[in-house]
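The values are calculated or read from the model by the stated rules, or taken from the named source; none is laboratory data. The structure displayed is predicted, hence computed values, not measured ones. Surface accessibility is based on the protein's heavy atoms, side chains included, excluding ligands, DNA and RNA. Shrake-Rupley method; radii C 1.70, N 1.55, O 1.52, S 1.80 Å.
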Amino acid sequence: HSAPSVNIVGPNTACYGQAVELMAVGSATHFLWPSGDTTANTVVDPMFSTTYNVVGYNEYGCTATAGWYISVLPVPMVSISGDTLLCEGDTTVLTCSTANAYIWSTGETSKSIRVGESGVYTVVVTNTMGCTNSASVNVHVDSYPAIVISGDTILCQGQQSMLYAYGG
């Protein structure tokens, strides 16, 4: 009896941390992946560029092996700068580190956005290889404190008054 044919079909690249599916094809009827999977399909999550192998078996116990190389691409480093504590009525500009494309939780697609409301702002960036990463920042807007000043406000010339301030 002759050995079965077996090949692997799947992507040649994956972004770091991205799971991808590989599929064994050919005349083999049973498969064994290094993970222990015995189906034609397996999901891998490569942390570095590597070759995945599968052993294909036929009903006679004859085997064949195939390999598939996946190159792991880097994800972009992402950070957000800008003031995160504002007073009521103020705004801040949140700026993202350099990338190829941006999408903010506000829907904006620029490197920087102006915000003036409390909330979590998230940006997803994409590098030139199509890999994505995200970062979030929590912006808090404080209202101005209520300050009350009391004391004599009507004085004659030369008189003095003690003023008291409280609140806030």
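So here's what we get for this one:
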item	result
Accessible area (Å², 1.4 Å probe, nearest 10) - Ile103	80 Å²
Probe 1.4 Å, accessible area per residue of the chain, Å²	62 Å²
Whole-percent carbon and sulfur share, accessible surface of the range 26-92, 1.4 Å	56 percent
Contact order relative to length of the range 1-136, as percent, for alpha carbon pairs under 8 angstrom and 6 or more apart	20 percent
Protein accessible area in the range 107-168, 1.4 Å probe - carbon and sulfur %	52 percent
Order of exposure, largest accessible area first, which applies to Glu108, Glu88 with probe 1.4 Å	Glu88, Glu108
